[in-house]
Amino acid sequence: MKKSAYLFLFIFFTATLFKSQTKVDSSFLINTWKLVKIDQLTYIFKSQENFDQKWGGIRFKKNGKFVSSNAKPACGTTIIEKLQSNQLKLYRNRGTWKIDSDTTIIITSPKLLALKGKFIISQLPDKSLSLKRFIKIVKK
């Protein structure tokens, strides 16, 4: 009886701690973020006060809407050349977001296709935001 009680407590606390590590509070998202890195299917953002006038960012609002300020999609070389000559023009895009589960978010935007879809959200140790595109593998 004693062993089963200890086993139950061990399993209960392990499951509780594991679940709390993967869950992301939606209040963490309510912020203005600057894109600092794109790594294959993962976008890394750092918190900032206002939009970066040179590169822009994204701001998640409490009402389930977001505003982004970013360059029009183009060839990477063109963007770098315009950025270096201070001719990069930023455009405002709007859309909606909603928490799908403890660890996923769905972003919809009619114009910003790069950030449209389902993403796995995580808070990195340095308080930055990671959005990793959610890909569902379908077996045939």
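The values are calculated or read from the model by the stated rules, or taken from the named source; none is laboratory data. All values reported here derive from a predicted model rather than from experimental measurement. Cβ: placed from backbone, ideal geometry, glycine included. Neighbour counts: every protein chain shown.
Within segment 36-49, identify whether any single residue is among the small types (Gly, Ala, Ser), within 20 Å of the chain's Cα centre (by Cα), at pLDDT 90 or above and under 20 Å from residue 131 (Cα atoms), and answer yes or no.
yes
Can you tell me which of 27, 20 is within 23 Å of residue 98 (Cβ to Cβ), exposed (fewer than 10 other Cβ atoms within 10 Å of the Cβ) and at pLDDT 60 or above?
27
Give 129, 124, 112 a once-over and let me know the one that is of a type outside the set (Ser, Thr, Tyr) and modelled with pLDDT under 80.
Result of the check over 129, 124, 112: 112.
Considering only segment 50-74, state which residues are loosely packed, with under 15 Cβ neighbours inside 10 Å and modelled with pLDDT under 85.
Passing the criteria: 50, 53, 54, 72, 73, 74.
Condition first: within 16 Å of residue 34 (Cβ to Cβ) and within 10 Å of the chain's Cα centre (by Cα). Now tell me which residues in segment 124-140 satisfy that.
128, 129, 130, 131
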